[in-house]
Amino acid sequence: MHSIFGRSDKSIRMNLIKMLVICFMIVAVLQTVYLTGGTKKAFVQLMFIPIILSSLFWGAYAGLAVGIIGGIFAGTIPLDVSQDIMQDPINWISRSIIFSIIGFTTGYLFDKINRLNAEKQERNLKSPFYNLPNAQQLFYDLENRIKAGEHFRLVSIKLTNLYEIEKYIDNKLTFDIVENLAKKLEHSCGRKAVYSYEKDELIVLICDFCLNEYEEKLKRILDNYVSSPIKMNGYKFRVSIKVGIYLYKGEETTPIEIYNKARIAYEQGEPNKSGVYYYDRNFEKKRRENQDITGALLESIIKNEMYVVYQPKIDIVNNKISGVEALVRWKRNGTDYIEPNIFITIAEEIGFINKISEFVFKSVTKQIMEWKSKGIKVKCSVNVSVYDLLDEYYTYWVNGIFSDEDIDRSDFEIEITERVIAYNDKKLLDKMYYFKEKGFLISIDDFGTGYNSLMSIGEIPFDKLKIDKYFISRLNRIEVAELVKSIIQYAHTFGKIVVAEGVENEEQIKILKSFNCDEVQGYYFSKPLMPEEFEEFYSKFNKLS
Ligand code: C2E
Ligand code: MG
Ligand code: MG
């Protein structure tokens, strides 16, 4: 509640109490001086206490005023009470001057210290990048709103491609973009509603009663920013913005919890694609599960939770086993089976994939040697991540394995998912050529799921093409069958071998045979098997054929 003076009633009450205390002190000092025999004793110096206190409470002029008042009142007390000798006027006048000088100077010093502190505090609450309040101010304001029981919306606005703009266009431009956006937001949502959290992140705090109006305005501004390229400082470029919105309804008790929810909200959707996202409890749950997986993943190899299974590939022209594909498996804590598609993606993101690849490669080389000693001679393919190929260490230790062990490189196939192959990525293609020259066979995995056209595939070095199971499971549709047929024909004109993935029934085998497909892999022949199971499969299959 505010009074007509613009100050809160609470602060007026406090000032009145302080005034009463000062008055009481002045009276108490005068009384003490009188009772102890007069101003000839040193007790009159006690007057400095109310003088300094009032300069502390209200500043230089209050110190001056109380100094004068205290000096005049002290002048009315006799020099010696018992003999009733009054003070010489020069005595009390000079004392009053000293009191007021001390009152004014200490008040001035207190004012200065307060001003410096306020400036420092203001600086601490300002963003180092922009002329905006920072995260500390945001948390302070959030805390006040939580205490006041208000509901509000917290909007986190992340500019996701500032780094690229800085790298490829201009460093200063990135500051101008954010400042420009902040001004527009301030214009629509209020001067103190926009905060700078990081260099590339703004936060808008929308209060409860203006929710819908402001939220619409905000969405319009962001839409104008991302829908078409913007022109600034003579450049024309695109900005991508991800927005996370959290509606606070009193559940959380700390600002950081609320902020985290707005931030988690914008993590939805593709990383660099603009979009507005509302906080979703399920998304957070999934995110937490992934965090759990990530933590456990880092320990999975040391804890011996990973192992490799082998899925046979069948040459349907000559009816024989043409090889196996090594597929990694992870049983977390020995019981929970985690899908490779989940943990491989996480491992790639956190840079753990190289450890998994190293583990798989070592397991496979050991297995091939063991099978060789048992008279089982099969080619084995391993899935290789693009991060492996671009990692010099990977190349180094793969070469090391083959110089140590008695294994032929052509017993090995490297499978690279088509999705990750960009035919214009020179570094990646050079690496593929390198491995091919070293004698490895190269397969393009999951063909049809990536962006390569049949034209560009001609520029990629490979020996085998694995048609993705998505197409094989739809072979009964005429247009898919025609597509598969032409892929096979096209690959054959270049002398490449074609493998069909995910073959599950006889009908598919028949169609693939009629298209002259070379090999198949899928549950129809076998699921991925443990080494001993594969040995059984191997001997049974060879007896039958
Ligand atoms: P991928 O390389 O395309 O492997 C084939 C996937 O299809 C395997 O899934 C296999 O179990 C499954 N599959 C085989 N036959 C059939 C079938 O008839 N029907 C159906 N519905 N599925 C079939 P999995 O083992 O879950 O692996 C998924 C993906 O994870 C693999 O796809 C591969 O991209 C990746 N992956 C697996 N192991 C490794 C590894 O050691 N390193 C790397 N970098 N990636 C791996
Ligand atoms: Mg594969
Ligand atoms: Mg595949």
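Readers should treat all values here as calculations from the given coordinates under stated rules, not as data from a laboratory. Note that the structure is predicted; figures quoted are calculated from it, not measured. Quick reminder, even Gly has a Cβ in these numbers, built from the backbone with ideal geometry, and neighbours come from all protein chains shown.
For this structure, a couple of remarks:
- Fraction in percent of alpha-carbon pairs per bin - 5 Å, the stretch 214-290: 3, 14, 20, 21, 16, 12, 8, 4, 2, 0
- Degrees, to the nearest 10: 135-147 long Cα axis against longest axis of the chain: 70 degrees
- Axis angle, to the nearest 10 degrees, between helix 48-58 and the longest C-alpha principal axis of the chain: 50 degrees.
- Highest mean first, the peptides 457-463, 434-440 sorted by other C-beta atoms within 10 Å per residue fall in the order 457-463, 434-440.
- Two-site FRET efficiency, Glu164 against Lys219, from Cβ-Cβ distance with R₀ of 30 Å, rounded to 0.05: 0.80
- Calculated on the Cα set of the stretch 245-315, radius of gyration then Dmax: 18.8, 64 Å.
- Spin-label proximity, Phe139 to the stretch 235-265 - amide N less than 18 Å from point 7 Å beyond Cα toward beta carbon: 252-264
- Centre separation in Å (Cα based) which lies between the stretch 107-129 and the stretch 500-545: 77 Å
- Of Lys303/Lys374; Lys313/Lys510; Lys158/Lys192; Lys469/Lys543; Lys158/Lys184, pairs whose Cα-Cα distance is over 24 Å: Lys303/Lys374; Lys469/Lys543
- Theoretical FRET efficiency, 1/(1+(r/R0)^6), r = Cβ-Cβ of Ile98 and Ile49, R0 22 Å, to 0.05: 0.90
- Estimated D of the chain in µm² per second, where Rh is the Kirkwood radius over Cα pairs and Stokes-Einstein applies at 10 °C, 1.306 mPa s: 51 µm²/s
- Using a Förster distance of 25 Å, the FRET efficiency for Tyr524-Asn290 (Cβ separation, nearest 0.05): 0.15
- Extension gain, Lys273-Val21: 0.36 nm per intervening residue step, less the Cα-Cα distance, totals 84.3 nm.
- Cleavage-rule hits (trypsin sites (Lys or Arg not before Pro)) in the stretch 239-346: DSSP loop, at most 13 neighbouring Cβ within 10 angstrom: Lys249, Lys273, Lys303
- Per residue Cα convex hull volume in Å³ - calculated over the stretch 1-117: 98 Å³
- Computed from the alpha carbon atoms alone, the convex hull of the stretch 305-462 holds 137 Å³ per residue.
- If you model the stretch 276-388 as an ellipsoid using its alpha carbon gyration tensor, with each semi-axis the square root of five times an eigenvalue, the axes come out at 33, 16, 12 Å, biggest first.
- Computed lengthening from Tyr61 to Glu179, 0.36 nm per intervening residue step minus Cα-Cα distance: 38.3 nm
- Here Lys10 is the anchor, and no aspartates and glutamates lie within straight C-alpha reach of less than 14 Å, apart from those fewer than 8 places off in the same chain.
- Radius 11 Å from Cβ of Val33, net charge of other residues (Lys, Arg +1; Asp, Glu -1): +2
- Pairs over the 23 Å Cα-Cα cut-off, from the set Lys372/Lys513; Lys366/Lys527; Lys366/Lys427; Lys377/Lys485; Lys112/Lys199: Lys372/Lys513; Lys366/Lys427; Lys377/Lys485; Lys112/Lys199.
- Percentage relative contact order, the stretch 430-477, counting C-alpha pairs under 8 Å, at least six apart: 43 percent
- Calculated on the Cα set of the stretch 105-150, radius of gyration then Dmax: 14.5, 44 Å.
- Remark: the Lys41-Ser456 segment gains 139.0 nm on full extension, using 0.36 nm per residue and subtracting the alpha carbon distance.
- Here the contact order of the chain, divided by its residue count and restricted to Cα pairs under 8 Å and six or more residues apart, works out to 8 percent.
- Nearest 10 degrees, 0 to 90: helix 60-75 Cα axis against the chain principal axis: 30 degrees
- Solvent-free Debye scattering, log10 I(q)/I(0), computed from the Cα coordinates of the stretch 415-476 at q = 0.15, 0.24, 0.30 Å⁻¹: -0.44, -1.00, -1.38
- Label-to-label distance, nm, for residues given as Thr76 and Asn233 (7 Å Cα→Cβ offset): 7.1 nm
- Charge tally around Glu119: other residues with Cβ under 13 Å, Lys/Arg +1 each, Asp/Glu -1 each, net +3.
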